[in-house]
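The values are calculated or read from the model by the stated rules, or taken from the named source; none is laboratory data. These numbers were taken from a predicted model, which means no experiment stands behind them. Cβ placement follows ideal geometry from the backbone for every residue including glycine, while neighbour counts extend to all protein chains displayed.
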Amino acid sequence: MKVTQKRWPSTRDAYAVRKICNGLVFGPIDKNNGEFSMVCPHLYEQALLNIYCEETGYNEVFIKKMTPYQVKKLGKEKCHEYVLQDKKPPQRQIGDFHDVMKTWKSFYKSNGLDRFGKFQTNKDFNVPYILFKAKNITEMERRIETWKKVRPIAPGTKHPMNILLGKVGKAWHFVCDKQYTEGFDKPAVHEIPKYMDEAFGKLDNPNGVVTEIFDIEGCFPNMPQEGILLAMNSIVSHFKKDNRKGVWVPFGSRAKCSWDKPKRGYGTWIPWDTMLLITEFSLKNTFLRMPDGRILKQGNGIPMGNPLSPGITIGTCSWMEKEWLQIVPVTYKDNFKAARYMDDILLIRKAQDSWDKELFEKECYWPPLKLEAAQQDTFLETKFMIDDKGLKYWLKNDNEEMMKVWRYHHFYSDINATQRQRTLIAVLRKVHKMCSGGKMLYWSAVAKLKEFIRLKYPLKVCKMACAILARETGSIVWMSVRRFLFQLYN
């Protein structure tokens with residue numbers, strides 16, 4: 001791989017390195033152009049086997065041959081439960097993946113699911129992989145103890161019901177994200193600063209306001225399946241009271257779902273019964289094919305990578321929060337505000353001794369889910385601090401002092417020059433939007449522009465971006481930033 005001054009490693013180089021290193025390269029090469037990670041195969045295998053084992057809820061299953069007698073005995077809707085079993089069958093009864101496809105197809109057609117999407121018989125079980133978490137491996141002292149805590153990814157791209165799973169997943173996300181508002185607040189990432197301002201205004205008191213940040217540890221793979229099914233049925237009952245009968249899922253990834261079929265456009269109407277049926281089937285029939293050929297069944301939660309995962313995770317957590325809020329004393333409810341984005345939680349409360357922290361941490365979410373403290377001055381992309389003058393916030397930047405994380409393309413990377421400039425301006429717009437005042441905007445913008453200068457962006461390009469932001473926003477802070485950069489690098 002030849003890297004000259006005018007060219008930075010691209011995606012093609014990543015694939016070349018992967019081929020040359022003969023398997024040493026792992027990671028989401030396709031996800032971020034030009035990015036890849038290199039891991040020792042032995043350590044990768046250790047971490048993979050550590051997360052996909054019986055202790056974490058993955059049990060090995062075996063395929064049993066399906067006979068016409070069993071189909072007649074069990075029925076087309078139940079025969080899929082017979083094919084995959086925990087105990088290894090005798091040699092003459094060992095089946096193959098075609099037996100699984102036949103029984104799943106019988107279940108699919110007997111329930112009339114083929115009208116929602118084609119059953120693809122040329123599919124197979126997906127092979128899972130893992131992603132190492134940056135927070136667990138960046139610092140050496142922490143890496144020694146936490147390097148095996150990885151993110152298990154089990155994609156559903158090869159699932160024979162992938163078309164229907166995608167539609168149902170989109171429907172659940174529509175229902176649970178914004179429509180089902182019970183539980184904690186669910187602001188979008190860019191709405192966090194505004195949400196914090198409103199929360200501090202409502203909770204302001206002489207003793208002050210305290211913020212706490214939590215993560216739901218292992219939210220996806222550890223979520224109890226009985227809790228998921230109860231939550232989904234409860235949410236459906238909630239909407240049935242409003243005479244909602246299902247969800248209209250339009251074609252196209254950018255088109256939004258709706259409660260009623262629109263006058264124009266193509267899509268699929270999915271009733272509640274179908275959504276609940278496919279959700280239960282997916283939870284109880286999550287199978288993975290390990291690299292060594294073993295087939296594992298996931299007994300807890302839902303796999304990260306399944307199209308249903310985001311929607312039902314949001315809905316289940318909201319339902320658990322609603323149940324917890326019903327047992328919280330009325331005097332507590334006026335003393336805190338809580339927001340959650342997927343498995344990240346922001347808690348803003350009045351500073352007082354009567355707050356029962358243990359009640360929240362242990363009772364809010366069902367076991368084995370548990371809350372662990374996260375970085376306390378950062379929530380998602382918002383970094384904040386509280387001083388005598390009140391709340392201050394700005395856009396999170398891990399590269400303020402030095403390059404720690406590769407977030408943007410190098411100026412000499414193999415991409416269009418217009419794309420580089422648009423990326424720079426879009427990032428600066430985000431900096432402006434997520435700062436609480438002129439002083440925070442000034443230093444946040446300077447730090448972000450220094451990051452781009454370290455990526456060899458010319459000074460004149462950065463000055464031009466400042467001028468564009470000054471014209472768009474009408475803020476003189478950007479001209480001050482422009483002058484500072486000129487003095488610093490000239």
Self-check item: Within segment 388-419, considering residues that are among the basic types (Lys, Arg) and under 28 Å from the mean Cα position of the chain (by Cα), the one surrounded by the fewest Cβ atoms within 10 Å (Cβ to Cβ)
Solution: Lys404
Practice problem: Name the residue, out of Lys167, Lys135, that is surrounded by fewer than 16 Cβ atoms within 10 Å (Cβ to Cβ), under 25 Å from the mean Cα position of the chain (by Cα) and either part of a loop (DSSP other than H, G, I, E, B) or not acidic (Asp, Glu) (or both). | Solution: Lys135
Quiz item: Out of all the residues in segment 480-488, is one or more closer than 28 Å to Lys135 by Cβ and either surrounded by 14 or more Cβ atoms within 10 Å (Cβ to Cβ) or not assigned by TED's automatic domain parsing to the domain that holds Ala134 (or both)?
Solution: no
Exercise. Out of Asp86, Asp99, report the one residue that is surrounded by fewer than 12 Cβ atoms within 10 Å (Cβ to Cβ), more than 27 Å from the chain's Cα centre (by Cα) and within 21 Å of Leu296 (Cβ to Cβ).
Key: Asp86
Quiz item: Looking at (1) surrounded by fewer than 20 Cβ atoms within 10 Å (Cβ to Cβ); (2) in a loop (DSSP other than H, G, I, E, B), which is the one condition that is false for Gly301?
Solution: (1)
Quiz item: Out of (1) touching a Phe, Trp or Tyr at 6+ places or on another chain (Cβ under 6 Å); (2) without any contact (Cβ under 8 Å) to a residue 24 or more places away in the chain, the odd one out for Phe287 is which?
Solution: (2)
Quiz prompt | Filter result (over 17 Å from Pro271 (Cα atoms), within 32 Å of the chain's Cα centre (by Cα) and surrounded by fewer than 20 Cβ atoms within 10 Å (Cβ to Cβ)) within segment 102-115 | solution = Lys105
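Residues checked against (1) under 19 Å from Lys194 (Cα atoms); (2) out of contact with any helix residue (DSSP H, G or I) (no Cβ under 9 Å at 6 or more places or on another chain):
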site	(1), (2)
Gln421	no, no
Leu424	no, no
Cys435	yes, no
Leu455	no, yes
Gly474	no, yes
Quiz item: Is it the case that some residue within segment 305-318 is over 25 Å from the mean Cα position of the chain (by Cα) and in contact (Cβ under 8 Å) with a residue 60 or more places away in the chain?
Solution: no
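Here is a yes/no grid of residues against (1) closer than 14 Å to Ile468 by Cα; (2) of a type outside the set (S, T, N, Q); (3) out of contact with any Asp or Glu (no Cβ under 8 Å at 6 or more places or on another chain):
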residue	(1), (2), (3)
Val405	no, yes, no
Phe411	no, yes, yes
Gln419	no, no, yes
Thr423	yes, no, yes
Leu428	yes, yes, yes
His432	yes, yes, yes
Gly437	no, yes, yes
Leu441	no, yes, yes
Ala445	yes, yes, yes
Quiz item: Can you name the residue in segment 353-368 that is at pLDDT below 80 and under 26 Å from Gln225 (Cα atoms) and is also surrounded by the fewest Cβ atoms within 10 Å (Cβ to Cβ) among such residues?
Solution: Glu358
Exercise. Consider Trp443 carefully, then state whether it is within 21 Å of Phe384 (Cβ to Cβ), free of Cβ contacts under 8 Å to residues at least 60 places away in the same chain, aromatic (Phe, Trp, Tyr) and assigned to a helix (DSSP H, G or I).
Key: yes
